1. As I understand it, the dipole of the chain uses +1 on the Cβ of Lys and Arg and -1 on the Cβ of Asp and Glu, about the Cα centre. Which of G413, G475, V93 lies farthest toward its positive end?
2. So for the pair T12, K464, with labels modelled 7 Å out along Cα→Cβ, what separation do we get in nm?
3. Specify the inter-centroid distance of the range 342-369 and the range 403-451, based on alpha-carbon positions, in whole Å.
4. Which FRET efficiency, nearest 0.05, do Q319 and D362 yield, Cβ-Cβ r, R0 30 Å?
5. How big is Rg to Rh over the range 49-98, alpha-carbon atoms, Rh as the Kirkwood inverse-mean-distance radius?
6. For the range 292-376, how big is Rg over Rh, using alpha carbon atoms and the Kirkwood form of Rh?
7. Please give the length that would be gained between V203 and K277 if that part of the chain were fully extended, namely 0.36 nm times their separation in residues minus their C-alpha to C-alpha distance (nm, one decimal).
8. Based on DSSP H runs of at least 4 residues, each adding -39500 (n - 2.57), what is the mean residue ellipticity at 222 nm of the chain after dividing by all its residues, to the nearest 500 deg cm²/dmol?
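The values are calculated or read from the model by the stated rules, or taken from the named source; none is laboratory data. This one's a predicted model, so the numbers in the text were calculated from it and none came from an experiment. Reconstructed Cβ throughout: ideal geometry from the backbone, glycine too, with neighbour counts over all protein chains shown. Quick note on the areas: whole protein, heavy atoms, side chains included, nothing else; ligands and nucleic acids left out. Shrake-Rupley method; radii C 1.70, N 1.55, O 1.52, S 1.80 Å.
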Amino acid sequence: MIIGLASCNTKTAADLFVYNATIYTVDSAFSKAEAMVIKDGKVLATGTRADLEKSYDSKEQLDAKGQYIYPGFIDAHAHFYRYGLGLQTADLVGTESWEAILQKLQSFAQTNPDGWLLGRGWDQNDWPEKTFPTKEKLDQLFPDRPVLLTRVDGHAAIANQKALDAAGIKAGMQLTGGDVVTEGGKLTGLLIDNAVDLVGAKVPPATPTQIAKALDLAQNNCFAMGLTTVDDCGLDYTEVQTIDSLQQKGELKMRVYAMLSDAARNYDFLFAKGPIKTDFLNVRSFKVYADGALGSRGACLLQPYTDKPNWTGFLLSPQNHFDSVARIIYNKGFQMCTHAIGDSGNRVVLDIYARYLKGKNDLRWRIEHAQVVSPQDFATFGAYGIVPSVQPTHATSDMYWAQERLGKEREKGAYAFKQLMQQNGWIPLGTDFPVEDISPFKTFIASVFRQDAKGWPSGGYQPKNGLSREETLKGMTIWAAKSNFEEREKGSLEKGKLADFIILDKDLMQASLQQVLSTKVHGTFIGGKKVFGR
Ligand SMILES: [Zn+2]
């Protein structure tokens with residue numbers, strides 16, 4: 001008895017004991033554990049229940065009931081802030097026709113009667129008639145209210161006359177890196193790339209209350225999907241300050257890796273201030289856009305589009321802009337992350353990166369999407385330690401029409417995740433939400449099965465470029481953390497790391513496609529504290 005009590009007192013105090021679980025620690029040996037001890041927001045130990053009970057005395061116990069625990073998911077490429085704001089605009093994702101959009105807008109306009117009417121997420125490829133819409137009916141329905149409806153990829157939009165007037169857009173207007181589409185001398189309302197921004201700039205900014213509400217809605221949706229860190233790819237420094245202050249007040253619990261947009265004010269801000277690092281926020285990188293998207297044929301290709309002769313897309317800025325930005329980011333020691341979709345866009349960025357990086361290095365400069373890569377350019381990623389940051393659901397969203405745009409040969413270098421992963425031996429995964437759904441489970445099936453939710457195509461889309469389950473899980477956790485220079489603090493459940501973890505009802509290392517898709521998140525924990533639970 002006395003001996004028993006004595007040994008009891010030698011136990012280490014802890015906050016939370018999680019047991020009766022299969023824990024995928026995602027450590028370097030990809031080992032499993034059945035229990036975990038947490039103290040001060042960090043993992044103190046993992047191991048067997050019996051061993052840990054002998055050594056630790058925890059205030060709280062959590063019976064995982066035989067379920068599966070993983071490190072919290074990290075989405076290495078998303079637009080969290082924009083997603084939040086988007087939750088307050090008409091959601092047009094999955095709409096099946098232009099008529100359906102008009103109907104949806106009319107009811108949305110009734111419940112949101114003031115100011116600009118904003119919508120987002122349409123994709124003409126989902127419609128029976130796959131041509132871009134025109135503004136005619138919008139003008140009839142909303143003659144006095146500006147309307148701006150952004151395509152799913154954000155690289156095209158349709159605006160009504162009221163909105164075009166607000167931005168001073170005139171028929172036949174020419175601009176660099178964008179297109180104001182005109183037919184028979186009249187504006188159609190269709191805007192491509194930089195033309196979208198011209199009109200977007202006229203939308204009045206959200207109020208602080210609207211922003212706080214938007215981010216709260218966004219994080220709650222993300223927590224319900226098991227996300228504990230998101231990379232926000234392209235923010236203004238003032239938006240980062242908003243995120244920081246909401247995190248400091250404890251209102252925003254999501255951890256954010258924020259990339260600042262390519263604008264003079266953002267460079268001035270961060271170069272003067274230096275990198276920002278708290279437990280919740282990491283700001284040390286810049287997001288640059290090389291080209292547009294494949295869907296709207298804005299991606300910059302080496303050879304013309306297969307379905308649009310004499311058209312190769314375009315770069316969003318002259319090459320010397322990318323070069324001068326790379327030089328200053330390199331000299332100041334920050335990370336550069338550049339959106340590149342087309343094989344020409346990728347080559348331009350790879351060549352400029354290589355000029356500064358010179359050879360192998362650990363600066364982790366990223367190419368976001370790396371979507372269509374010329375066969376001869378893959379090796380550049382490895383030779384210069386350039387990180388391809390990819391989104392598996394782009395493959396399964398685009399697979400229905402990618403070959404029309406690219407042709408059979410060129411398509412082989414598209415969405416080539418395995419080949420890209422092999423260049424450095426690791427690859428971060430993301431979704432690009434709200435371009436895609438926020439669900440990490442959709443990422444998982446797109447990466448492993450290379451199929452849509454219906455299991456199409458059988459055998460998978462270009463299956464040799466799928467990743468294994470283990471690689472996929474790493475891409476969503478430890479490798480995503482690594483792309484953010486955070487692999488020492490998160491991305492796996494090991495002693496000393498942040499206790500960001502999730503409890504799922506499925507074993508992702510075994511589950512079928514349908515099982516993965518129906519996975520339920522039973523708990524999401526950030527720093528050992530529950531932020532979501534059923
Ligand atoms: Zn993006």
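1. Sorting the options by dipole projection puts first G475.
2. If labels sit at T12 and K464, their model points lie 4.8 nm apart.
3. 19 Å
4. With a Förster radius of 30 Å, E is 0.70.
5. Numbers: Rg = 21.2 Å, Rh = 16.3 Å.
When Rh is taken as the Kirkwood radius, the ratio is 1.30.
6. 1.00
7. Residue separation times 0.36 nm, minus the Cα-Cα distance, leaves 23.5 nm.
8. Calculated mean residue ellipticity at 222 nm is -9500 deg cm²/dmol.
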